[in-house]
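Asker: Sharing a structure, written as structure tokens. Questions coming.
The values are calculated or read from the model by the stated rules, or taken from the named source; none is laboratory data. All values derive from a computational prediction rather than experimental measurement. Quick reminder, even Gly has a Cβ in these numbers, built from the backbone with ideal geometry, and neighbours come from all protein chains shown.
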Amino acid sequence: MHLLRIALASLANRRFTALLTVFAIALSMCLLLAVERVRHEARASFASTISGTDLIVGARSGSVNLLLYSVFRIGNATNNIRWDSFRHFAEHPQVKWAIPLSLGDSHRGYRVLGTSTAYFEHYRFARDRQLQLAEGRPFDSDPFEVVLGAEVAEALHYRLGAELVLAHGVADISLLKHDDKPFTVVGILARTGTPVDRTLHISLGGMQALHLDWQSGMPARGSARISAERARTLDLQPEAITAVLLGLNSKIATFSVQRAINEFRGEPLLAILPGVALQELWSLMGTAERALFVVSLFVVLTGLIGMLTAILTSLNERRREMAILRSLGARPWHIGGLLVLEASALALAGLLLGLLLLYLGIAVAQAPVQAYYGLYLPLNAPTPYEWSLLGAILAAALLMGGVPAWRAYRQSLADGLSIRL
């Protein structure tokens, strides 16, 4: 206890340097824990981009490619699915619901998704959360109605009742536009933090109406053009779609339905389990995740080296202090223990301040981060893994404190009271 009081008094005497050292350790610790929480929640959010869907069905390709274009709106399908194939599996006795997806068009860089009203009823994300409308309603019988994702509406400043023109293809700038068939905004979805926010949703009939008079990727000319009014009177059942999301009556039937789809003789199809494909995709990004963790560890190491530098720098100035302590009966190991206690006190204060900064940061940023990025950062106690990180860093601080302690131990044996200033 005497050594601890002396160590604290010594740090108080050098309070400015000590506070800077504590703050440096606190910032590095806060960064490390923040990175860990963001990594964990990003992984959980990534895994819950789609929730409650048992199978994703598309043209036969790779599982990651199918996941990317059907869920994340990245890339393009290798082929389409015939409408009769979709109906065949939508009516399968083990299928509870089916959501058709049709991709291919865009609007100012944002993807357009043709789907049915089952999308708003059954699509789930983030641990079984349902899509909610912030304004308006889902599209209805009129094929030229669109429901915007939150990011689309905010970035392009669209409101209910606004008219917009879709473009053919997915380029940011397209010269081929469906300007003869404008769409009216009837709904805006609440923010989800998923690719839904960056998507414009129209009905399958609307997607079909856009391409009634298109051939080989080009619009018809003159009298062959079909107006929006005439398109409303025609049969707008699609001939093909891009992908299907399936929900089953029983999880037990997942593999049997998947096998039936993969072995379907009508056309080459692929059915994937979203969770398995998500893990496969996440593993491809594991290098960047680990690199971020290593960078944050080096930041913590920099903070600890700063502590070591501060103690070593003050050591020469404190040689008379050590000599006086020796004259009062302190043994060399007392001197070494004093330096170790100082390093421990600095590191412990840095850890506590780092935790405080972390929780303050989470409290301030929790709502906007969840709203804009879909990441929920919980204000809970450190996890066992985080405690192990804190313990490892405290142990590293004790080891680093052993360096100045050893030097002080050696000097105190040689100096006595004969030090020359």
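Per-residue answers, yes or no, for (1) outside the structural domain of residue 205 (by TED's automatic domain parsing); (2) farther than 30 Å from residue 290 by Cβ; (3) without any contact (Cβ under 8 Å) to a residue 12 or more places away in the chain:
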site	(1), (2), (3)
68	yes, no, no
86	yes, yes, no
89	yes, yes, no
95	yes, yes, no
108	no, yes, no
127	no, no, no
134	no, yes, no
142	no, yes, no
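Asker: Say whether the condition of being more than 15 Å from residue 203 (Cα to Cα), among the polar types (S, T, N, Q) and surrounded by 15 or more Cβ atoms within 10 Å (Cβ to Cβ) is met by at least one residue in region 107-117.
Answerer: Taking every residue of region 107-117 in turn, none turns out to be more than 15 Å from residue 203 (Cα to Cα), among the polar types (S, T, N, Q) and surrounded by 15 or more Cβ atoms within 10 Å (Cβ to Cβ).
Asker: Anything in region 134-165 that is under 20 Å from residue 116 (Cβ atoms) and more than 30 Å from the chain's Cα centre (by Cα)? List them, or say none.
Answerer: 140, 141, 142, 143, 144, 145 - these are the residues of region 134-165 that are under 20 Å from residue 116 (Cβ atoms) and more than 30 Å from the chain's Cα centre (by Cα).
Asker: Turning to a different aspect of this structure: Within region 155-164, is even one residue in contact with a helix residue (DSSP H, G or I) (Cβ under 9 Å, 6 or more places away or on another chain), modelled with pLDDT of 85 or more, hydrophobic (A, V, I, L, M, F, W, C) and buried (at least 18 other Cβ atoms within 10 Å of the Cβ)?
Answerer: No, the conditions are met nowhere in region 155-164.
Asker: May I pose another question? Would you confirm whether any residue within region 59-70 is among the hydrophobic types (A, V, I, L, M, F, W, C) and either closer than 13 Å to residue 201 by Cβ or more than 24 Å from the chain's Cα centre (by Cα) (or both)?
Answerer: So far as region 59-70 goes, yes, one or more of its residues are among the hydrophobic types (A, V, I, L, M, F, W, C) and either closer than 13 Å to residue 201 by Cβ or more than 24 Å from the chain's Cα centre (by Cα) (or both).
Asker: Between 60, 73, 82, which is of a type outside the set (Asp, Glu), outside the structural domain of residue 385 (by TED's automatic domain parsing) and in contact with a Lys or Arg (Cβ under 8 Å, 6 or more places away or on another chain)?
Answerer: 73
Asker: Just one of the numbered conditions (1) assigned to a helix (DSSP H, G or I); (2) modelled with pLDDT of 90 or more is not true of residue 202; which one?
Answerer: The single condition residue 202 does not satisfy is (1).
Asker: Another question about this same structure. What is the residue count in region 103-161 for residues that are at positive phi, out of contact with any Ser or Thr (no Cβ under 8 Å at 6 or more places or on another chain) and outside any strand (DSSP E or B)?
Answerer: Counting residues in region 103-161 that are at positive phi, out of contact with any Ser or Thr (no Cβ under 8 Å at 6 or more places or on another chain) and outside any strand (DSSP E or B) gives 3.
Asker: Just to be sure before I move on: is residue 376 at pLDDT 80 or above and hydroxyl-bearing (Ser, Thr, Tyr) in the structure I sent?
Answerer: Judged against the criteria, residue 376 is not a match.
Asker: Same structure again: For region 148-172, enumerate the residues that are under 16 Å from residue 195 (Cβ atoms) and out of contact with any Lys or Arg (no Cβ under 8 Å at 6 or more places or on another chain).
Answerer: 148, 154, 155
Asker: Taking helices (runs of 4 or more DSSP H) that do not extend beyond region 238-330, which have at least 1 residues that are over 31 Å from the mean Cα position of the chain (by Cα) and at pLDDT 80 or above?
Answerer: Output list reads 254-262, 286-315.
Asker: Any chance region 17-27 includes a residue that's modelled with pLDDT under 90, surrounded by fewer than 22 Cβ atoms within 10 Å (Cβ to Cβ), assigned to a loop (DSSP other than H, G, I, E, B) and aromatic (Phe, Trp, Tyr)?
Answerer: no
Asker: Condition first: in contact with a Gly (Cβ under 9 Å, 6 or more places away or on another chain) and touching a residue at least 24 places away in the same chain (Cβ under 8 Å). Now tell me which residues in region 57-66 satisfy that.
Answerer: Matches in region 57-66: 66 only.
Asker: Criterion first (at pLDDT below 80, surrounded by fewer than 16 Cβ atoms within 10 Å (Cβ to Cβ), in a helix (DSSP H, G or I) and in contact with a helix residue (DSSP H, G or I) (Cβ under 9 Å, 6 or more places away or on another chain)) does residue 4 satisfy it?
Answerer: It is true that residue 4 is at pLDDT below 80, surrounded by fewer than 16 Cβ atoms within 10 Å (Cβ to Cβ), in a helix (DSSP H, G or I) and in contact with a helix residue (DSSP H, G or I) (Cβ under 9 Å, 6 or more places away or on another chain).
Asker: Working carefully through the options 257, 294, find the one that is farther than 17 Å from residue 66 by Cβ and either free of Cβ contacts under 8 Å to residues at least 12 places away in the same chain or not assigned by TED's automatic domain parsing to the domain that holds residue 34 (or both).
Answerer: Just a single option satisfies the conditions, and that option is 294.
Asker: Checking residue 418 against (1) among the polar types (S, T, N, Q); (2) at pLDDT below 85; (3) within 15 Å of residue 300 (Cβ to Cβ), which test does it fail?
Answerer: (3)
Asker: Could you go through region 36-43 and let me know if any residue there is among the hydrophobic types (A, V, I, L, M, F, W, C), in the same structural domain as residue 298 (by TED's automatic domain parsing) and surrounded by fewer than 19 Cβ atoms within 10 Å (Cβ to Cβ).
Answerer: Yes, region 36-43 contains a residue that is among the hydrophobic types (A, V, I, L, M, F, W, C), in the same structural domain as residue 298 (by TED's automatic domain parsing) and surrounded by fewer than 19 Cβ atoms within 10 Å (Cβ to Cβ).
Asker: Quickly run through region 179-199 and pick out the residues that are of a type in the set (Ser, Thr, Tyr) and either out of contact with any Asp or Glu (no Cβ under 7 Å at 6 or more places or on another chain) or not in a strand (DSSP E or B) (or both).
Answerer: 192, 194, 199 - these are the residues of region 179-199 that are of a type in the set (Ser, Thr, Tyr) and either out of contact with any Asp or Glu (no Cβ under 7 Å at 6 or more places or on another chain) or not in a strand (DSSP E or B) (or both).
Asker: Evaluate region 183-192: report whether one residue or more is crowded, with 17+ Cβ neighbours inside 10 Å, of a type outside the set (A, V, I, L, M, F, W, C), farther than 30 Å from residue 132 by Cα and modelled with pLDDT under 90.
Answerer: Within region 183-192 (the criterion being crowded, with 17+ Cβ neighbours inside 10 Å, of a type outside the set (A, V, I, L, M, F, W, C), farther than 30 Å from residue 132 by Cα and modelled with pLDDT under 90), the answer is no, since none of the residues qualifies.
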